[in-house]
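Everything below concerns the one structure shown next.
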Amino acid sequence: MLPYLDELLVDFDELGSDAGLVADWLGRHGIGAGARVLDLGCGKGAVAVVLARALGCSVTGIDAFVPFVDEGRRRAETGGVAGLCEFRAGDIRSEAAKETGYDAALFLAVGPVYGGPGETVGVLRRCVRPGGLMVVDDAYLLDRAVDFPGYEVLLDGVRTRAQLASHGDEILAEKLFTRAEAEAQNRRYQARIEERGRRLAARRPGLASDIAAYIEKERRECEIIERDIQNAVWLLRRIG
Ligand SMILES: C[S@@+](CC[C@H](N)C(=O)[O-])C[C@H]1O[C@@H](n2cnc3c(N)ncnc32)[C@H](O)[C@@H]1O
């Protein structure tokens, strides 16, 4: 479905993260005009544009999906912050190592690209200066392991927090989303994707079964998100 992903996801700005929360946290911890923020797996650049507009910081966003990178540039242009936002296509598994000295680094709803939470923070902390901030939007297991691609690396809450702090960094804040919040977001997400899928299938009947399979996979993932895992966002400060 990759060539059609931007069409199926056209109704969404952030793809699973909360730009308002990130802006609030970074603003309260000193990110403003002149600060440099790195957004790894930036999607359509929605968070980057909100941060540049709200805080006046500059943001570098990197994402592997070229249509999203193009959309990020368009959004920055329309939002009047093209001078503060730079979007680049690239694989963050190799690109992150080239980025250093940022005031903050974001890793929002990207999944297990670097492994578990400890490995993720290990990558982010090399991108920021000592004292720099890191925001990780991820999840942890509630009662049992989950059999679904991408979720096999999830740990329980205690182990997740221990791994996040395993490099000696400070966890400054944690936001846990309630089940009701997850359900509301999933209902909205699912309804829009199904509607876009119907329109695409009407135009390209040959894709109908692939679209149905994609929608079913999304539905199963929503079920897991609501039943088996806790969505969470953490703000950390690099120590040392
Ligand atoms: C669920 S979206 C979240 C996007 C954005 N962080 C947000 O909150 O709106 C995950 C993004 O990670 C990107 N991604 C996943 N693996 C990647 C990789 N290895 N290199 C670059 N981008 C990657 C995908 O292309 C996608 O845009």
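The values are calculated or read from the model by the stated rules, or taken from the named source; none is laboratory data. Please read all numbers here as calculations on a predicted model, not as lab measurements. Methodologically, a virtual Cβ is constructed for each residue, glycine included, from the backbone with ideal geometry; neighbour enumeration extends over all protein chains shown.
Here are the numbers for the structure shown:
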| item | result |
| --- | --- |
| Residue 144 being out of contact with any Cys (no Cβ under 7 Å at 6 or more places or on another chain) and not in a loop (DSSP other than H, G, I, E, B) | no |
| Residue satisfying all of: in segment 34-51; surrounded by fewer than 24 Cβ atoms within 10 Å (Cβ to Cβ) and over 13 Å from the mean Cα position of the chain (by Cα); farthest from residue 20 (Cα to Cα) among these | 34 |
| Residue selected from segment 215-240 under the condition out of contact with any helix residue (DSSP H, G or I) (no Cβ under 7 Å at 6 or more places or on another chain) and in a helix (DSSP H, G or I), by the criterion surrounded by the most Cβ atoms within 10 Å (Cβ to Cβ) | 221 |
| Where residue 79 falls short, out of the listed (1) modelled with pLDDT under 95; (2) closer than 21 Å to residue 13 by Cα; (3) not β-branched (Val, Ile, Thr) | (1) |
| Enumeration of residues in segment 89-130 that are of a type in the set (D, E, K, R), near the ligand (Cβ under 9 Å from one of its atoms) and free of Cβ contacts under 8 Å to residues at least 24 places away in the same chain | 93 |
| Inter-residue pairs, beta-carbon under 9 Å, first in contact (Cβ under 8 Å) with a residue 60 or more places away in the chain and in segment 224-240, second assigned to a strand (DSSP E or B) and of a type in the set (Phe, Trp, Tyr), 6+ apart | 229/140; 230/140; 231/140; 232/140 |
| Meets criteria (buried (at least 18 other Cβ atoms within 10 Å of the Cβ), over 21 Å from residue 139 (Cβ atoms), of a type in the set (Val, Ile, Thr) and within 12 Å of the ligand (Cβ to nearest atom)) for residue 81 | no |
| Selection count, segment 69-123, where residues are closer than 21 Å to residue 151 by Cβ and in a helix (DSSP H, G or I) | 9 |
| Residue list for segment 1-19, restricted to those being more than 12 Å from the ligand (Cβ to nearest atom) and either in a helix (DSSP H, G or I) or at pLDDT 95 or above (or both) | 3, 4, 7, 8 |
| Residue list for segment 21-72, restricted to those being under 14 Å from residue 91 (Cα atoms) and near the ligand (Cβ under 8 Å from one of its atoms) | 39, 40, 41, 42, 43, 62, 63, 64, 65, 68 |
